[in-house]
Amino acid sequence: MRLSDTLTGELVELPAPPAPIGMYVCGPTVYARAHIGNARPYVVFSWMARWLRERGHEVTLVHNITDVNDKIYEAAPGRSAERAREATAWYLEDVGGFGLDEVTHTPKVTETMDEIVAFIAELVETGNAYAVDGDVYFRVATYPEYGKLSGQRPDQVAEQEPNPLKEDPRDFALWKASKPGEDTSWESPWGRGRPGWHIECSAMAEAILGPEFWIHGGGLDLVFPHHENERAQSCSLGRPFAKVWAHNGMLRFTGEKMSKSVGNVASIQDVLGEWGREAALLFFLTGHWRKPIDFSEETMASARAQVESIRNAFRAPSTESAGDETGWDELVAVLEDDFNTPAALSIMHGWRAHGRLALLERALGVFGLASLARDVEAPESVRALAQARVEARRAKDFAEADRLREAIEEAGWQVRDIADDPGYRLVPHA
Ligand SMILES: [Zn+2]
């Protein structure tokens, strides 16, 4: 499989299966209900992990939780730890609604503090960082490649977190001395305080995946400064770190209703509640992971319509011989070429139109959409036949009941008797 790499701007070939693939995907800072834009990296990289597993790789997918941060202190003064715990549960519940379940580890900053402090101490020891008044800063001048990931010239890198204590305006905080109003802090060789955001990910990635791993994912908005800084911290200590930097495009709120709505955001919870997981997943399929994707009433309505057209295909009887998977390679080719899901979706619609249901069902499974083939409600005409059969059996007219069973099977359904109302269950004919 080839994947676009932000660092080189080229496609990088992943090793052949069954080579193990480590993936680290930056997760949310937890202080409120996450909005639907936050779901994109979760969905995209869960799908990639799922596909790599389907291809025979052993995948470790790490998706962290940033549960110490300025935003949390601001959102819940005096009870930041409690808010972080609540919002972690909200996030896991919300993304759990997609039914993908591919993440192997969900490390939290508060549970990785020893590794973070040790990482900073090593940077201080090697001269890549310095302590001032209880803060510790990364010394950007010691890392000549700084700016390469985000494409900035080293002498033009924007100043981060202005502070007169820094040697160089480009330097950024690894450890921040505890300030009034911050209700959590940890012991360190530099005094009580808490880590900066960037060092957390360097430490959590290494703690689980080791000094080198294949894919580092996250939204395009994280390239600078977050990922530039992660890379500087890890690579300046000689860790090879990520071999591919994969950044998903942003979700844009567009359309008349969305652009007028207050705050311009919809939470994951709102979207899953209003449109359902299948339409939400199909919506994400329509965009190439590297490109922006437009979220609106119109694009979601279109995703819902596509969901229905696919489900409808499984309502009709298929003439395809079971297990005929000629053509699967077509899907493999587009996914192995930079994980092109819009191209995959168009192949899937072709299979739908031609009644290639075995192929379509297998492809839906790759994206967590197998329910479209399985949770199919039978059409009204078939349910009427099943109801008539229940009545025929009650009247002990077994010849009529058998005739109705055959009619149901001819329509592509199987009827099973159950004790509960309405007395039958319909499943698509195998
Ligand atoms: Zn991160």
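The values are calculated or read from the model by the stated rules, or taken from the named source; none is laboratory data. Since we're looking at a predicted model, the values are computed, not measured. So basically every Cβ, Gly included, is an ideal-geometry build from the backbone, and we count neighbours across all protein chains shown.
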Original post:
Using beta carbons and a limit of 9 Å, which pairs, at least six apart or on different chains, have the first residue in segment 418-430 and exposed (fewer than 12 other Cβ atoms within 10 Å of the Cβ) and the second one part of a loop (DSSP other than H, G, I, E, B)?
Top reply: 430/322
Original post:
How many residues does segment 1-13 contain that are assigned to a loop (DSSP other than H, G, I, E, B) and within 25 Å of residue 203 (Cβ to Cβ)?
Top reply: 3
**OP:** For residue 6, state whether it is among the polar types (S, T, N, Q), away from the ligand (no atom under 16 Å from the Cβ) and at pLDDT 95 or above.
**Re:** no
Original post:
Going through segment 158-181 one residue at a time, which ones are buried (at least 19 other Cβ atoms within 10 Å of the Cβ) and either in a loop (DSSP other than H, G, I, E, B) or at pLDDT below 90 (or both)?
Top reply: 160, 166, 170, 171
Subject >> Of all residues making up segment 264-304, the number that are more than 16 Å from the chain's Cα centre (by Cα) and closer than 19 Å to residue 365 by Cα >> reply: 3
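Let's see how each residue does on (1) under 25 Å from residue 206 (Cα atoms); (2) within 15 Å of the ligand (Cβ to nearest atom):
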{"position": "20", "(1), (2)": "yes, no"}
{"position": "25", "(1), (2)": "yes, yes"}
{"position": "44", "(1), (2)": "yes, no"}
{"position": "51", "(1), (2)": "yes, no"}
{"position": "59", "(1), (2)": "yes, no"}
{"position": "66", "(1), (2)": "yes, yes"}
{"position": "77", "(1), (2)": "no, no"}
{"position": "82", "(1), (2)": "no, no"}
{"position": "88", "(1), (2)": "yes, no"}
**OP:** Restrict the check to segment 196-204 and report whether at least one residue is under 24 Å from residue 130 (Cβ atoms), within 11 Å of the ligand (Cβ to nearest atom) and of a type in the set (Ser, Thr, Tyr).
**Re:** yes
Original post:
Among the residues of segment 415-428, is any in contact with a His (Cβ under 7 Å, 6 or more places away or on another chain), more than 30 Å from residue 97 (Cβ to Cβ), outside the structural domain of residue 288 (by TED's automatic domain parsing) and modelled with pLDDT under 85?
Top reply: no
**OP:** From 355, 327, grab the single residue that is closer than 19 Å to residue 54 by Cα and at pLDDT below 95.
**Re:** 327
Original post:
Out of all the residues in segment 53-74, is one or more in the same structural domain as residue 233 (by TED's automatic domain parsing), more than 20 Å from residue 267 (Cβ to Cβ), without any contact (Cβ under 8 Å) to a residue 12 or more places away in the chain and not in a helix (DSSP H, G or I)?
Top reply: no
**OP:** Return yes or no: is residue 392 in contact with a helix residue (DSSP H, G or I) (Cβ under 8 Å, 6 or more places away or on another chain) and not basic (Lys, Arg)?
**Re:** yes
